[in-house]
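Student: What follows is a structure written as C-alpha coordinates; I'll ask about it next.
The values are calculated or read from the model by the stated rules, or taken from the named source; none is laboratory data. Everything numeric in this text was worked out from a predicted model, so none of it was measured. Ideal geometry is used to build each Cβ from the backbone, glycine not excepted, and the neighbour counts take in all protein chains shown. Keep in mind that these areas ignore ligands, DNA and RNA; they rest on the heavy atoms of the full protein, side chains included. Shrake-Rupley method; radii C 1.70, N 1.55, O 1.52, S 1.80 Å.
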Amino acid sequence: MAEKTLILLKPDAIQRGLLGSIISRFERKGFKIVGMKMLQMSGELAKEHYAHLLDKPFYPDLEKFVTSHPLVAMVAEGKDAVEVIRLIVGPTNASKAPAGTIRGDFSNSTSRNVIHASDSRETAEKEVKRFFRDDELFSYRFSSSYYLRASDE
Ligand code: IDP
Ligand code: MG
(Lines give C-alpha, C1' and ligand atoms only; values in the text may rest on other atoms or scores of the structure.)
(Ligands and ions follow the chains in the order given, each with its own letter.)
Protein backbone atom coordinates (compact mmCIF):
# COMPACT_ATOMS: atom_id res chain seq x y z
CA MET A 1 0.00 0.00 0.00
CA ALA A 2 1.20 3.48 -0.84
CA GLU A 3 2.53 5.60 2.00
CA LYS A 4 0.13 7.98 3.75
CA THR A 5 0.80 11.12 5.76
CA LEU A 6 -1.29 13.57 7.79
CA ILE A 7 -1.50 17.22 6.76
CA LEU A 8 -3.24 19.92 8.82
CA LEU A 9 -4.00 23.25 7.20
CA LYS A 10 -3.86 25.27 10.38
CA PRO A 11 -6.32 28.02 11.34
CA ASP A 12 -4.06 30.75 9.87
CA ALA A 13 -4.28 29.07 6.44
CA ILE A 14 -8.08 29.28 6.56
CA GLN A 15 -8.19 32.79 8.00
CA ARG A 16 -5.80 34.05 5.30
CA GLY A 17 -7.61 32.34 2.42
CA LEU A 18 -4.70 30.07 1.53
CA LEU A 19 -6.40 26.67 1.44
CA GLY A 20 -6.61 26.36 -2.35
CA SER A 21 -3.08 27.63 -2.96
CA ILE A 22 -1.66 25.14 -0.49
CA ILE A 23 -3.71 22.10 -1.52
CA SER A 24 -2.83 22.66 -5.19
CA ARG A 25 0.85 22.14 -4.39
CA PHE A 26 0.21 18.57 -3.28
CA GLU A 27 -2.02 17.90 -6.28
CA ARG A 28 0.49 19.19 -8.81
CA LYS A 29 3.27 17.10 -7.24
CA GLY A 30 1.12 14.05 -7.94
CA PHE A 31 -0.03 13.15 -4.44
CA LYS A 32 -3.49 11.65 -4.03
CA ILE A 33 -5.76 13.16 -1.39
CA VAL A 34 -7.46 10.17 0.25
CA GLY A 35 -9.13 11.95 3.18
CA MET A 36 -10.21 15.51 3.93
CA LYS A 37 -12.37 17.25 6.54
CA MET A 38 -12.82 20.45 8.52
CA LEU A 39 -12.77 20.25 12.30
CA GLN A 40 -12.04 22.26 15.40
CA MET A 41 -9.48 20.65 17.69
CA SER A 42 -10.35 20.16 21.36
CA GLY A 43 -7.83 20.94 24.07
CA GLU A 44 -7.54 17.20 24.65
CA LEU A 45 -6.70 16.50 21.01
CA ALA A 46 -4.20 19.39 20.94
CA LYS A 47 -2.44 17.99 24.03
CA GLU A 48 -2.19 14.57 22.40
CA HIS A 49 -1.04 15.89 19.02
CA TYR A 50 1.53 18.26 20.51
CA ALA A 51 2.53 16.06 23.47
CA HIS A 52 6.22 16.61 22.63
CA LEU A 53 5.77 20.36 23.24
CA LEU A 54 3.66 20.43 26.41
CA ASP A 55 6.51 21.78 28.56
CA LYS A 56 7.53 24.55 26.14
CA PRO A 57 6.83 28.17 27.06
CA PHE A 58 4.91 28.69 23.81
CA TYR A 59 2.57 25.71 24.36
CA PRO A 60 -0.35 27.72 25.85
CA ASP A 61 -0.40 30.01 22.80
CA LEU A 62 -0.09 26.99 20.47
CA GLU A 63 -3.05 25.23 22.08
CA LYS A 64 -5.18 28.38 22.07
CA PHE A 65 -4.31 29.02 18.43
CA VAL A 66 -5.12 25.52 17.16
CA THR A 67 -8.30 25.12 19.23
CA SER A 68 -9.88 28.56 18.73
CA HIS A 69 -10.68 28.23 15.05
CA PRO A 70 -11.46 25.45 12.58
CA LEU A 71 -8.75 23.78 10.54
CA VAL A 72 -8.64 21.38 7.61
CA ALA A 73 -7.21 17.88 8.04
CA MET A 74 -6.08 15.86 5.02
CA VAL A 75 -4.42 12.55 4.32
CA ALA A 76 -2.16 12.49 1.27
CA GLU A 77 -0.93 9.28 -0.30
CA GLY A 78 1.94 8.60 -2.67
CA LYS A 79 5.54 7.56 -3.08
CA ASP A 80 7.63 8.55 -0.05
CA ALA A 81 4.73 10.78 1.02
CA VAL A 82 6.05 11.51 4.51
CA GLU A 83 9.52 12.63 3.47
CA VAL A 84 8.54 14.42 0.27
CA ILE A 85 5.67 16.32 1.88
CA ARG A 86 7.91 17.50 4.71
CA LEU A 87 10.26 18.85 2.01
CA ILE A 88 7.38 20.63 0.26
CA VAL A 89 6.23 22.08 3.62
CA GLY A 90 9.66 23.37 4.70
CA PRO A 91 11.23 23.84 8.13
CA THR A 92 9.30 24.83 11.29
CA ASN A 93 10.66 28.39 11.41
CA ALA A 94 9.01 29.77 8.30
CA SER A 95 11.20 32.90 8.44
CA LYS A 96 14.13 30.68 7.49
CA ALA A 97 12.20 28.35 5.19
CA PRO A 98 13.45 28.35 1.59
CA ALA A 99 11.40 30.07 -1.09
CA GLY A 100 9.40 27.47 -2.98
CA THR A 101 8.37 25.65 0.18
CA ILE A 102 4.87 26.26 1.56
CA ARG A 103 6.15 27.80 4.77
CA GLY A 104 8.81 29.77 2.88
CA ASP A 105 6.24 31.23 0.51
CA PHE A 106 3.29 31.83 2.83
CA SER A 107 4.60 32.59 6.33
CA ASN A 108 7.28 34.56 8.17
CA SER A 109 6.64 33.05 11.60
CA THR A 110 7.32 29.96 13.70
CA SER A 111 4.03 30.00 15.60
CA ARG A 112 1.79 30.80 12.60
CA ASN A 113 3.40 28.60 9.98
CA VAL A 114 0.16 27.59 8.18
CA ILE A 115 0.62 23.83 7.98
CA HIS A 116 1.46 20.62 9.82
CA ALA A 117 2.83 17.47 8.23
CA SER A 118 3.85 14.20 9.92
CA ASP A 119 7.59 13.98 10.49
CA SER A 120 8.23 10.22 10.19
CA ARG A 121 6.48 7.06 9.00
CA GLU A 122 5.79 5.98 12.57
CA THR A 123 4.35 9.38 13.47
CA ALA A 124 2.31 9.44 10.25
CA GLU A 125 0.62 6.13 11.07
CA LYS A 126 -0.37 7.39 14.52
CA GLU A 127 -1.42 10.83 13.28
CA VAL A 128 -3.60 9.55 10.43
CA LYS A 129 -5.47 7.36 12.97
CA ARG A 130 -5.69 10.29 15.39
CA PHE A 131 -7.69 12.37 12.90
CA PHE A 132 -9.40 9.86 10.57
CA ARG A 133 -11.48 6.74 11.05
CA ASP A 134 -10.88 3.96 8.51
CA ASP A 135 -14.20 4.71 6.79
CA GLU A 136 -13.15 8.34 6.27
CA LEU A 137 -10.22 7.29 4.06
CA PHE A 138 -10.73 6.45 0.40
CA SER A 139 -9.01 4.23 -2.09
CA TYR A 140 -9.30 5.16 -5.76
CA ARG A 141 -7.32 5.29 -8.98
CA PHE A 142 -6.48 8.40 -10.94
CA SER A 143 -8.16 8.02 -14.33
CA SER A 144 -6.73 9.85 -17.33
CA SER A 145 -9.89 10.14 -19.43
CA TYR A 146 -13.03 8.94 -17.61
CA TYR A 147 -13.48 12.20 -15.71
CA LEU A 148 -12.79 14.43 -18.72
CA ARG A 149 -15.66 13.25 -20.94
CA ALA A 150 -18.12 10.39 -21.44
CA SER A 151 -17.05 7.62 -23.82
CA ASP A 152 -19.57 8.74 -26.50
CA GLU A 153 -18.54 12.42 -26.48
P1 IDP B 1 6.80 21.00 12.90
O2 IDP B 1 5.42 21.61 12.81
O3 IDP B 1 7.73 21.57 11.85
O4 IDP B 1 6.80 19.49 12.90
P5 IDP B 1 7.28 20.91 15.78
O6 IDP B 1 8.61 21.10 16.46
O7 IDP B 1 6.66 19.56 15.79
O8 IDP B 1 7.45 21.47 14.28
O9 IDP B 1 6.29 21.96 16.43
C10 IDP B 1 4.92 21.88 16.19
C11 IDP B 1 4.36 23.29 16.07
O12 IDP B 1 4.56 24.00 17.29
C13 IDP B 1 5.04 24.17 15.01
O14 IDP B 1 4.61 23.93 13.69
C15 IDP B 1 4.66 25.54 15.50
O16 IDP B 1 3.30 25.83 15.19
C17 IDP B 1 4.80 25.37 17.01
N18 IDP B 1 6.15 25.73 17.45
C19 IDP B 1 7.26 24.94 17.41
N20 IDP B 1 8.35 25.60 17.89
C21 IDP B 1 7.91 26.83 18.23
C22 IDP B 1 8.56 27.99 18.80
O23 IDP B 1 9.76 28.02 19.08
N24 IDP B 1 7.76 29.09 19.02
C25 IDP B 1 6.43 29.11 18.73
N26 IDP B 1 5.78 28.04 18.21
C27 IDP B 1 6.50 26.92 17.95
MG1 MG C 1 6.13 18.18 14.31
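Student: Can you give the calculated 222 nm mean residue ellipticity of the chain, where each DSSP H run of n ≥ 4 adds -39,500 (n - 2.57) and the sum is split over every residue, rounded to the nearest 500 deg cm²/dmol?
Tutor: Working: 7 runs with 58 residues, N = 153.
So the calculated ellipticity at 222 nm is -10500 deg cm²/dmol.
Student: For the chain, which whole-number percentage of the solvent-accessible area (1.4 Å probe, protein heavy atoms only) is attributable to carbon and sulfur atoms? Each step should come with its number before you reach the end.
Tutor: Values: 4690 of 9060 Å².
Answer for the chain: carbon and sulfur cover 52 percent of the accessible area.
Student: Just to confirm the number: angle between the C-alpha axis of helix 121-131 and the first principal axis of the chain, 0 to 90 degrees, nearest 10?
Tutor: 90 degrees
Student: Right, another one. In whole Å, what are the extents of the stretch 1-152 along the principal axes defined by its C-alpha atoms, from largest to smallest?
Tutor: Taking the Cα atoms of the stretch 1-152, the three principal extents are 62, 34, 26 Å.
Student: Continuing with this model, one more query. Here is the link list: Lys64/Lys129; Lys47/Lys96; Lys29/Lys56; Lys4/Lys47; Lys32/Lys96; Lys37/Lys64. Which ones come out longer than 25 Å on Cα distance? Please list the in-between numbers first.
Tutor: On the way: Lys64/Lys129 23 Å; Lys47/Lys96 27 Å; Lys29/Lys56 34 Å; Lys4/Lys47 23 Å; Lys32/Lys96 28 Å; Lys37/Lys64 20 Å.
Beyond 25 Å: Lys47/Lys96; Lys29/Lys56; Lys32/Lys96.
Student: Provide the per residue accessible area, probe 1.4 Å, for the stretch 1-148, rounded to a whole number of square angstrom.
Tutor: For the stretch 1-148, the per-residue accessible area is 57 Å².
Student: Taking 0.36 nm per residue of sequence separation and subtracting the Cα-Cα distance, how much length would be gained by fully extending the chain between Leu87 and Lys126, in nm to one decimal? Present the calculation step by step, with values, prior to reporting the outcome.
Tutor: Details: separation 39, 0.36 × 39 = 14.04 nm, distance 2.00 nm.
Full extension of this stretch gives 12.0 nm more.
Student: Next question, about the same structure. Can you list the chymotrypsin sites (Phe, Trp or Tyr not before Pro) in the stretch 47-134 that are in a DSSP coil and have 12 or fewer other beta carbons within 10 angstrom? Could the numbers behind the result be given before it?
Tutor: On the way: sites: Tyr50, Phe58, Phe65, Phe106, Phe131, Phe132; in loops: Tyr50, Phe58, Phe132.
Hits after loop and neighbour filter: Phe58.
Student: Further question on the same structure: Select from Ser139, Ala97, Val66 the residue farthest towards the positive end of the dipole of the chain; place +1 on Cβ of Lys and Arg, -1 on Cβ of Asp and Glu, and compute about the Cα centre.
Tutor: The one lying farthest along the dipole's positive direction is Ala97.
Student: Points 7 angstrom from Cα along the Cβ direction at Ser143 and Ser42: gap in nanometres?
Tutor: Placing both labels 7 Å beyond Cα along the Cβ direction yields 4.0 nm.
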